[in-house]
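Below you'll find the structure, written out as C-alpha cells, and then a few comments.
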Amino acid sequence: MRIHLAVIGSNEFLALLRQLLEMHPSTLPTDEFVLHEHSYERFETIEHDALETPDQMDAWIYSDELACHLAATRAALPKTCVVSRDALTLVAVIAQYERESGDQVEAVSVDSMCDEEVQDALVALPHLKHVYRYQRPLSSELEHGFEDLLTFHQVNGRDRRVLCISGSRLVVERLQAARLPSLFLPYREKSVIHQLTALLHEIKSEQFKRSQVAIQIVQVSNFNQLMNQNHAFYDIYRTYLKTQGLLLDYTEQVLGTFVSIGNGRFMIFSTRGIVENQMDRANQLLQQITGLTKLAANIGMGYGTTAIEAEKNARLALNHAEHVEHGGCMYLVDETGALHGPLQNLNKATIKFRTDDKELSKRLHHAKLSIVTFERMLSVQEASAQKCITAAVVSEILGMSERNARKILASLHGNDLAEVVGHETPTTKGRPRKIYRIKG
C-alpha cells in the first residue's frame, strides 16, 4: 500500500524536496509513497483544497511551524509533521555571519526551530547570552499570522544587538527593508531526509498494525437455556436468526466474515485498522444481543500477524471476560500478549500474559501459579476500593473452592508475592479469614 503525503510549503521547500528525491532514491524510494504538493508564498494563502480531504492522506508535511498552526485552524488533521531546522543549521548561519561581519553575536530571535534544537545549538554557541524563540499562540484570525511572526522579530530586532533569524524569506526581506540585522535560516538536506524517513517508518509501522488479523469471538452465554424456558421452537429459532442478523450487520461494517462455531459462539474475521475504527459499534452489538436474547454476551478480541495467533489471543481475551466480568463485556489481547479491558470502561486494566521478569517467574514457579492467574488476581485487587483480596474473591474469579483459593494465597505469601494486611471477621464459627495484598 503506497503512502500518501500532503506537502504544504513554499516553492523553495518543494523544489528542495524534489531535488532530494532525485538524489536519494534508495533512502526515499518514490515507489513507496506519493507526494501531493501544495505551494504558497504567504502563510495566509494556503490552499483550501489542500485541507478538504484529510482522510485520504496518511500525513501532512509542513515546511513551517506557522503554516501548520494556521492550517490546524481550518481542519483537524490526524498526523502532521513540521520540517524543523536543526541545531547545526543555526550554528552554521551564525558562524558565517560572525566571520563576514567580524562581530560576535550576543543575542538572536529565531523561528522555525523546536526548543530541543535551539538548546543543542546553545551548547556550540556558549557566547550567546539571549535566545528568543518564536512560540507564542497565534491569532485566531488567519490574516494576522504573517504579521504576528514579523512583529515578533521587529520587537526583538529594535535592540541592534539582536540578530533576527527566520525560516521565511518574506520575513527576512521585510526585516532587511527596515534595516534590521536579519538572516534566512535554510534547510539542511540531511536533516530533511532524516525527518522524512522517520515519518515514513512511523507510517509503515502503523500500516502494518492496521493490517494485522483481527478476530472477535462473540459468546452468548447459556443460549440453550432458551430451550428450557417453554419457548416455542419457532420463537427460539427466530431469536437465533435475529442474533445472526445483528452479527451480520456488524460484520458488514467491519468488512469481515463470520461463522457460527456452536453453543452460542460466533467468530468474526477482519483487520485491526477497521475494527479499531468500529470499537463503539462492537459495544453496541453487545447491548443489542443482550437486549434481544436476555442472556449475557461477551466478546474476546485478538490481534495477530496470523489468523492462528489472532484466534489464540481472542480465546484468551474471551476466557478472561467470562471469568472476571459477567455480561456485556469485551476484552482484547494484542499481538504482544497484553490484555486490555474492559474496552467500554475508560479506566481499563492491562494484564500481561507473559513476563520478562526472571525473579517474578522464579517465584511464581515455586508458588505453582501461572503469570495469567497472578495478573488476573492482581487486576481484581487493583480494581477494589481497599486494594486487597481475600480467598472468597479469588474463589469467585477463578471458579474454585475457597479452600484451594486459600492455598494459592498462602503459597503467594510464602514466596513473598503477597502480604497479610488484616483479618476478616467470619459470619459463622471458625477462625478469622486473612486479608492479603498481592505485591505487583
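Yes or no: Ser140 surrounded by fewer than 14 Cβ atoms within 10 Å (Cβ to Cβ), of a type outside the set (Phe, Trp, Tyr) and modelled with pLDDT under 90?
Answer is yes for this residue.
Inspect all residues belonging to the range 38-56 and state whether any of them is modelled with pLDDT of 85 or more, buried (at least 21 other Cβ atoms within 10 Å of the Cβ) and not polar (S, T, N, Q). Steps first, answer last, please.
We begin by selecting, within the range 38-56, every residue modelled with pLDDT of 85 or more; these are none.
No, because not a single residue in the range 38-56 is modelled with pLDDT of 85 or more, buried (at least 21 other Cβ atoms within 10 Å of the Cβ) and not polar (S, T, N, Q).
Does any residue in the range 125-150 that is of a type in the set (D, E, K, R) come within less than 6 Å, Cβ to Cβ, of a residue that is at pLDDT 70 or above six or more places away or on a different chain, and which pairs are these?
Once the first residue is of a type in the set (D, E, K, R) and sits in the range 125-150, its partners that are at pLDDT 70 or above give Lys129/Glu106; Lys129/Ala107; Arg133/Val110; Arg133/Val118.
Name the residue that is nearest to the chain's Cα centre (by Cα), counting only residues in the range 151-189 that are assigned to a strand (DSSP E or B), within 10 Å of Ser109 (Cβ to Cβ) and touching a residue at least 40 places away in the same chain (Cβ under 8 Å). Break it down into steps so the answer makes sense when it comes.
Step one: of the range 151-189, the residues assigned to a strand (DSSP E or B) are 162-166, 182-184.
Restricting the remaining residues to those that are within 10 Å of Ser109 (Cβ to Cβ) gives 162-166, 182.
Going one step further and asking which of them are touching a residue at least 40 places away in the same chain (Cβ under 8 Å), we end up with 162-166.
Values: Val162: 41, Leu163: 40, Cys164: 38, Ile165: 35, Ser166: 33 Å.
If we take residues in the range 151-189 being assigned to a strand (DSSP E or B), within 10 Å of Ser109 (Cβ to Cβ) and touching a residue at least 40 places away in the same chain (Cβ under 8 Å), then Ser166 is nearest to the chain's Cα centre (by Cα).
Looking at the range 217-318, what helices (runs of 4 or more DSSP H) fall wholly within it and have at least 2 residues that are surrounded by 15 or more Cβ atoms within 10 Å (Cβ to Cβ), in contact with a strand residue (DSSP E or B) (Cβ under 6 Å, 6 or more places away or on another chain) and modelled with pLDDT under 90?
Once the helices (runs of 4 or more DSSP H) in the range 217-318 are filtered for at least 2 residues that are surrounded by 15 or more Cβ atoms within 10 Å (Cβ to Cβ), in contact with a strand residue (DSSP E or B) (Cβ under 6 Å, 6 or more places away or on another chain) and modelled with pLDDT under 90, what remains is 279-293.
The values are calculated or read from the model by the stated rules, or taken from the named source; none is laboratory data. No experiment lies behind these values; they were computed from the predicted model shown. Positions of Cβ are generated from backbone atoms using ideal geometry, with glycine treated the same way; all protein chains shown enter the neighbour counts.
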